[in-house]
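This report concerns only the one structure given below.
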Amino acid sequence: MKKFLLLLAVFGSFVTYSQEKCAAHTKHNERLANDPAYAEAMHVAQGKAKAWQQTHQNGTEKVTLTIPVVVHVLYKNAAQNVSLAQIQSQIDVLNTDYRALNQIDLPAYFDSLKADIDVEFCLASVDPDGNPTDGITRTSTTGGTLFGYFSPFNDDMKYDSLGGKNCWPTDKYLNLWVGELFPGLLGYAQFPGDPKVNADGVVITTTAFGTTGNVDPISAGGRTATHEIGHWMGLYHIWGDEDACTGSDTIADTPNMAAASNQGCDSLANTCSNEDAFWGSFDPTDMVFNYMDYSSDTCMGMFTKGQKMRMHGFLNTDPRRMGLATSNGCAFMGIKEDVESMFTLSPNPTTDNVRILFNTGDIATVQIVNAQGQLIAVYDALSTGAEIDLSNLEVGVYLVQMMKNEKLVGIERLVKH
Ligand SMILES: [Zn+2]
């Protein structure tokens, strides 16, 4: 009987989870109810973030945080062993979305609220032991404790012992696990302040990760990760996680919303009129364009200034999030790789030779710089498609710089194994 009741309880929470495409809040609520240590830790983290916000009302100093990312690929077949291109496409979406570089038509009253979060993401170039890495781990597994799928109940994807992959230090890297979740569930995240140190990070189902490769067309915008990382930086769903106009995401400039959008993009919907005092007598429509809604990937395109303040509240007070600012997980911090790449290197990582393909023009000067910033080699009048012999180079991470008329026009990171 006891076993039956336990089964029933598991099935009950399973039904709740299976109705959501993001399980972050369901898991959060379940733990708030059943785990007093979690509830207390959350209370403390929220208090500290709120206090920070109150002393930074006039905005944050303009410092861009670059977060080193490790992607843990968990695969049961070749298709799930996602390509570097698919992984890079996800990093590109994050760098577009978190810097407000995406193009989207918004009503004027939302456009003025659209925020550049001043956060960027890089695939880690240095692993926890100080060795060069491409920022990706790949694990062939038979794991998955929920009918053969990875499970938000026990975080099986996050532990070697459960068929997953152990995290890299969660105060130095954003751990992004990519594996097959139960159908319908696209991802979930751990909120800042959670005492479970080694489960800290974000989980994305394989087919909702990135924009190219093994991606389901319905979630091919890479916005599942944008949404989940929003949770990981402390954001709640904008509808307040109830089916009424009473709940709140604690943020004034995201209008009240009765329920989540259902995958579409109903920009005329206006489900609540009891807005925060921030809005005065104006009753805005639902902010279906917000990354923290459930709208379609193509509909989403903004975080608000209020959400930015909340995220920065946690980034500046939660010990693990604060650790990211001093992580050397990405060598060459402060040197920005081009959002729009000027050239490509292949293969990268490489063992001896690398081919350089220019995106525009056919002649350029190319320089190679090491992790200490020293110039290692210069190639003048290089043509597109040229091969460079790197066999004399020590194993490590390098910057390849493209110069035209003595002006730096592009930078790419190169990993030599
Ligand atoms: Zn969510």
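Largest accessible area first, the listed residues 281, 151 line up as 281, 151 when surface is computed with a 1.4 Å probe on the assembled protein chains.
Here the spin labels are modelled as points 7 Å beyond Cα on the Cα-Cβ line, and at residue 161 and residue 392 they lie 5.1 nm apart.
Legend: calculated FRET efficiency, residue 140 to residue 212, from the Cβ-Cβ distance at R0 = 22 Å, rounded to 0.05, equals 0.50. By a 1.4 Å probe calculation restricted to protein chains, residue 243 has an accessible surface near 130 Å², given to the nearest 10.
Summing Cβ point charges (Lys, Arg +1; Asp, Glu -1) relative to the Cα centre of the stretch 121-259 gives a dipole of roughly 300 debye. With 0.36 nm allotted per residue and the present C-alpha distance subtracted, the residue 243-residue 102 stretch has 47.7 nm of extension available.
Across the stretch 272-278, coupling constants 3J(HN,Hα) worked out from phi with the 6.51/-1.76/1.60 Karplus curve, θ = phi - 60°, read 9, 10, 8, 7, 4, 4, 3 Hz, and Gly and Pro carry x.
To the nearest 20 debye, what is the magnitude of the charge dipole of the chain about its Cα centre, counting +1 on the Cβ of each Lys and Arg and -1 on the Cβ of each Asp and Glu?
Working: 28 positive and 48 negative charges, 166 e Å.
With Lys and Arg at +1 and Asp and Glu at -1, about 800 debye.
Over all pairs of different C-alpha atoms in the stretch 343-416, the reciprocal of the mean inverse distance, the Kirkwood hydrodynamic radius, equals 12.2 Å. What's the FRET efficiency of residue 50 with residue 83 using the Cβ-Cβ distance as r and R₀ = 51 Å, to the nearest 0.05? It comes out at approximately 0.75. For the chain, the solvent-accessible area with a 1.4 angstrom probe is 44 square angstrom per residue. Sorted on the mean count of surrounding Cβ atoms within 10 Å across their residues, most packed first, peptides 96-102, 171-177, 183-189, 159-165 read 171-177, 183-189, 96-102, 159-165. Compared with the alpha-carbon gap, the fully stretched path from residue 276 to residue 196 is longer by 25.4 nm at 0.36 nm per residue.
Rank these by accessible area, largest first, 1.4 Å probe: 106, 181. Mind showing how you got there, number by number?
Numbers: 106 30, 181 5 Å².
Heavy-atom accessible area, descending, gives 106, 181.
Note on residue 268 and residue 404: the model spin-label points, each 7 Å out from Cα along the C-beta direction, lie 4.7 nm apart. Distance between the modelled labels on residue 39 and residue 381, one decimal in nanometres: 7.6 nm (7 Å Cα→Cβ projection).
Normalised by 2.2 N^0.38 Å, where N is the number of residues, the C-alpha radius of gyration of the stretch 20-334 stands at 0.95.
On a 1.4 Å probe surface of the protein chains, which of 379, 38 comes out largest in accessible area, and what is the full order?
Numbers: 379 65, 38 5 Å².
Reading off the accessible areas and sorting them downward yields 379, 38.
Working ranking of peptides 119-127, 142-150 by packing, defined as the average number of other Cβ atoms within 10 Å per residue, highest first, is 119-127, 142-150.
Quantify, in whole percent, the carbon and sulfur part of the accessible surface of the chain (1.4 Å probe; protein heavy atoms only). Mind showing how you got there, number by number?
Details: 9810 of 18320 Å².
Carbon-and-sulfur percentage of accessible area, whole number: 54.
Taking all protein chains as shown and a probe of 1.4 angstrom, residue 180 keeps an accessible surface of around 70 Å². Quarter the surface of the alpha carbon convex hull of the stretch 54-94 and you get the mean projected area, 4.9 square nanometres.
What Kirkwood hydrodynamic radius, in Å, does the stretch 177-287 give when the mean of 1/r is taken over all pairs of distinct Cα atoms and then inverted? Write down the numbers at each step before the final one.
On the way: mean 1/r = 0.0641 Å⁻¹.
So the Kirkwood estimate lands at 15.6 Å.
Among the cysteines of the chain, those whose beta-carbon sits 4.7 Å or more from every other cysteine beta-carbon are 22, 167.
The values are calculated or read from the model by the stated rules, or taken from the named source; none is laboratory data. Since the structure is predicted, the reported quantities are computational estimates derived from the model, not experimental observations. Every residue, glycine as well, gets a Cβ built from its backbone with ideal geometry; the counts of neighbours run over all protein chains shown. Accessible surface areas use protein heavy atoms only, side chains included; no ligands, DNA or RNA. Shrake-Rupley method; radii C 1.70, N 1.55, O 1.52, S 1.80 Å.
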